[in-house]
Amino acid sequence: MMTYTEMEQLLQFNDYESKIFIPNEIFGDLQRNIKNPSHISFAYSYIYFVTWAYRYAKYGTVNELIDQKFIKRILGYNENYKKLDYLIKQNGILEQMNYIRTTKDFPLSYSYDEIEGLQFYYVDDFKEYTEYIKALNVPKNYKIKFPVKAFYRDKESEEDYYTDGTFFDVERTHLVPFEVFMFCMTNENLGCTGFYLYAFLRSKAQIFDGYDVSIEKLIEYTGIPERTLYRYLDTLKKHNMIQCYFDKEYVPGLPKEERRANTYYVNEEHLFSDTVRPYKKRGFKTLKQYEWDKLLEEEMQEQVQQQMEFLPQKNEN
């Protein structure tokens, strides 16, 4: 596995290439189309990376060819691992979902200004510069993945040539800095699943001031199995990527209607810890102790109410 510095150097990353916006509907879309939970995490991370690579025209700056094998390695997989190919191949699941598309034309550079907005300059635009194209050492049949949602949010806008994608309109999106991606992909305990879970929580944190959600709902919304979810939540907390506040202790066997949601907050990347740090964990209480404490609390409230009834009433006149 690469170190953070090695990945930063390999991808020729600089601070101006940090921002990437991803559509909020991606979480539901992936769950509806992919059954394997780890493949959902991989697919999210894959879409995120190809969107970033396209936005910052990395095909002309990274020293290695950004192909499927390269992306698998970046995401922590063996480049020859085939079980993910059904997702990312031409006409695969992600193309059927209209999130990516295979194309031979790719951006070599980009520009942005307040008048013209974001513009890309493609390899086909440089055909006359034969020496420059040769120096890129691009194979004749080289193809990349076009991030559809970055340009068009739906088929109607594409048919009308209306660019309402995340490169141009950030409504109903979430921002995950690229530094977070590199932090996760260079930590063997985080990887795609850690990145996916952090991104989901961050998408909610950008809407709510603290995201209240139960473990049951978090499983439902992310598709991550319970045991796996607990493990990655623990890892995110240990690296100070998220914080979790509990209203009540953990009570095994507690009826669902009496359970309280946890409140999650996400930290910015500069607060992450490379080393594992201790954090305050949720307290524990047996169901018998919980029921006893609840009974005492109800009796106390009843006594207070009785005492209030005996207090002299103020003369309203």
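The values are calculated or read from the model by the stated rules, or taken from the named source; none is laboratory data. Not measured: the values here are computed from a predicted model. No Cβ is skipped: glycine too gets one built from the backbone with ideal geometry, and neighbour counts run over all protein chains shown.
Residue pairs whose Cβ atoms lie under 6 Å apart, separated by 6 or more positions or on different chains, with the first residue in segment 23-38 and under 20 Å from residue 227 (Cα atoms) and the second surrounded by fewer than 18 Cβ atoms within 10 Å (Cβ to Cβ), are 37/225.
The test for being in a loop (DSSP other than H, G, I, E, B) and not polar (S, T, N, Q) holds for residue 153.
Residues in segment 113-139 that are under 16 Å from residue 167 (Cα atoms), touching a residue at least 40 places away in the same chain (Cβ under 8 Å) and in a loop (DSSP other than H, G, I, E, B): there are none.
For segment 215-311, please list each of the helices (runs of 4 or more DSSP H) lying entirely inside it that holds at least 1 residues being under 23 Å from residue 38 (Cβ atoms) and either modelled with pLDDT under 70 or hydrophobic (A, V, I, L, M, F, W, C) (or both). Give the steps one after another, and end with the answer.
Values: elements: 215-222, 226-238, 287-310.
Those helices (runs of 4 or more DSSP H) span 215-222, 226-238.
The set of residues in segment 51-90 being part of a loop (DSSP other than H, G, I, E, B) and closer than 19 Å to residue 191 by Cβ consists of 75, 76, 77, 78, 79, 80, 81, 82, 83, 84. Here the condition is being surrounded by 15 or more Cβ atoms within 10 Å (Cβ to Cβ) and in contact with a helix residue (DSSP H, G or I) (Cβ under 9 Å, 6 or more places away or on another chain); of 11, 65, it holds for 11 alone. Only one entry of 210, 223 meets the criterion of being surrounded by fewer than 20 Cβ atoms within 10 Å (Cβ to Cβ) and on the phi > 0 side of the Ramachandran plot, and that entry is 210.
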